[in-house]
1. Sort out which residues of region 416-429 are of a type in the set (Gly, Ala, Ser) and in contact (Cβ under 8 Å) with a residue 12 or more places away in the chain, and write them in order of number.
2. Report yes if residue 260 is within 12 Å of the ligand (Cβ to nearest atom) and not hydroxyl-bearing (Ser, Thr, Tyr), otherwise no.
3. What number goes with the only condition from (1) within 12 Å of the ligand (Cβ to nearest atom); (2) of a type outside the set (D, E, K, R); (3) open to solvent by 10 Å² or more (accessible area, probe 1.4 Å) that residue 280 does not pass?
4. What are the pairs with Cβ atoms under 7 angstrom where one residue, in region 430-446, is part of a loop (DSSP other than H, G, I, E, B) and the other, located anywhere, is among the hydroxyl-bearing types (Ser, Thr, Tyr)? Sequence gap at least six, or different chains.
5. So, in region 116-174, exactly how many residues are basic (Lys, Arg) and within 22 Å of residue 16 (Cβ to Cβ)?
6. Of the residues that sit in region 414-426 and are outside any strand (DSSP E or B) and within 11 Å of the ligand (Cβ to nearest atom), which one is farthest from the chain's Cα centre (by Cα)?
7. Residues that are of a type outside the set (A, V, I, L, M, F, W, C), open to solvent by less than 10 Å² (accessible area, probe 1.4 Å), within 16 Å of the ligand (Cβ to nearest atom) and on the phi < 0 side of the Ramachandran plot: does region 240-247 have at least one?
8. Residue 93 - would you say it is in contact with a Cys (Cβ under 9 Å, 6 or more places away or on another chain) and either within 25 Å of residue 493 (Cβ to Cβ) or of a type in the set (Val, Ile, Thr) (or both)?
Amino acid sequence: MNLLYNSTRNGEKKATASEAILKGLADDGGLFVPEYIPKLNVTMDELKSMSYQETAFEVMKQFLTDFTEEELKHCINSAYDSKFDTEVIAPLVKVGDTYHLELFHGATIAFKDMALSILPHLLTTAAKKNRVTKEIVILTATSGDTGKAALAGFADVPGTKIIVFYPKGGVSRIQELQMVTQKGDNTSVVAIHGNFDNAQSGVKAIFEDKELEKELAEARYQFSSANSINIGRLVPQVVYYVYAYAKLLENEEIAPGEEINVTVPTGNFGNILAAYYAKQMGVPIAKLICASNENKVLFDFFRTGVYDKNREFILTSSPSMDILISSNLERLIYTIAGQDAQKNAELMAELREKGVYEITPEMREKLADFEGGFATEAECAETIRKTYERTGYVMDTHTAVAASVCAKYRRDSGDGRKCLVASTASPYKFIHSVMTAIDEKYASADEFSLIDELSSISGTAIPKAVEEIRNADIRHRRECDADCMKEIVKEILSV
Ligand SMILES: *Cc1c(COP(=O)(O)O)cnc(C)c1O
């Protein structure tokens, strides 16, 4: 029996996993969610001795039931290979009294690689399965990390084109250079005059534009999404939570069945939702701690039940979390509404029209697994500096938001469970903020001059991704206003 996927805004229509991956977004603008979260059908004891790739197969086959074993294994083995700089793919590092799950060992040194190195393979497999003959155009809005990871994943993949929009001035210099130097004949990168939410709303509007869809179809193109709204992004992210728990067990850091907490630095709510799915699959996770930076919409939401995006957009040193509309939260809203698509659609309409909605008391009760927290810029910097001084470990700004929130949660709640922190980027990627947090003397230094210094103080090798952009040519120079995204897309595709 196939596990089917519902749209969060329409109770009627169902899609298979491969259809959901191909579409990205449902026709009604909703997100695809599995009808139920499947259980793991292997024991933790069995998982303990499995490699990352083997674990990925055990987890993903439960969700992507219309993929054959051969197809899925091919996707997994093509994704999690020597593009990663460590054989274990997602290493677990003990830092003080927490466990950092390092998700930044892929091609672009941020956690988006965990999903975006496999998505192109899932997508091209899904296209074959559904006899799609049109060329797939991946359209992506990025707050910095998704863009490069998607470009790297899709570059020169036959039958695909990729167009990435990022907010000009809203990403780090290294992030921007990573994108504008991207190779591959099928890649385009466009800087938007606006913030990430503008870029994301623009992409959503293009997806919902039926007329454009028809024009494209005539030119034999079809859109798909590499954003974290695609279920093909979410499912691969469940894997590393299962893997991390099994490794904690194997290393005898925890006893069989022992509950742990997980803290996730959150923006679009994809990563933490994957942890929630891992819990529902059977991983003994107690609290899911959602860590925000100063854009603390989610913290306020968990505290009050009101989601209110009407507030100042703050540019922080953790730009990949500078988000006021967390798209993936819709999946959780739909779930806690008892899979009531109509109720969810009403709330999303309120969000679109008024920028705010409030969930019911019954829905709030179903959020007991979640805990919200936030860290200020000062707290984040202090966490980086103190951790470095005490342990020699250097973490990036996003991870520092989570580490800070995790420590505060522990102190304030007295909850002594062991805590896993999702470590989402390499410190090299946000090097200026990281080094300045460690010592103010670096504040005036150029990002590139700090690379060797970070390598020397942390005793870590300079990642290949950083070496590469030191001398790469700039290949993409397009810019446009947020309301001209559709025209730019047509221009790029010559339709
Ligand atoms: C994207 C990103 C996040 C936020 O993850 P979501 O799944 O969007 O919540 C956190 N840290 C880094 C480094 C990221 O790139």
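1. Start the filter on region 416-429 by keeping residues that are of a type in the set (Gly, Ala, Ser), which leaves 416, 422-423, 425-426.
Scanning region 416-429 gives 422, 423, 425, 426.
2. no
3. Just one mismatch for residue 280, condition (1).
4. 430/172; 430/317; 430/397; 443/436
5. As a first pass, look at region 116-174 and keep what is basic (Lys, Arg): 128-129, 131, 134, 148, 161, 168, 173.
Next, from what is left, pick out any that are within 22 Å of residue 16 (Cβ to Cβ): 128-129, 131, 134.
Going through region 116-174 one residue at a time, the tally reaches 4.
6. We begin by selecting, within region 414-426, every residue outside any strand (DSSP E or B); these are 414-418, 424, 426.
With within 11 Å of the ligand (Cβ to nearest atom) added as a condition, the list becomes 424, 426.
Working: 424: 9, 426: 15 Å.
If we take residues in region 414-426 being outside any strand (DSSP E or B) and within 11 Å of the ligand (Cβ to nearest atom), then 426 is farthest from the chain's Cα centre (by Cα).
7. So far as region 240-247 goes, yes, one or more of its residues are of a type outside the set (A, V, I, L, M, F, W, C), open to solvent by less than 10 Å² (accessible area, probe 1.4 Å), within 16 Å of the ligand (Cβ to nearest atom) and on the phi < 0 side of the Ramachandran plot.
8. So residue 93 fails the test.
The values are calculated or read from the model by the stated rules, or taken from the named source; none is laboratory data. Being a predicted model, the structure only gives us computed values, none of them experimental. All Cβ positions, glycine included, derive from the backbone under ideal geometry; neighbour counts span all protein chains shown. What goes into the accessible areas is simple: the full protein's heavy atoms, side chains included, and nothing from ligands, DNA or RNA. Shrake-Rupley method; radii C 1.70, N 1.55, O 1.52, S 1.80 Å.
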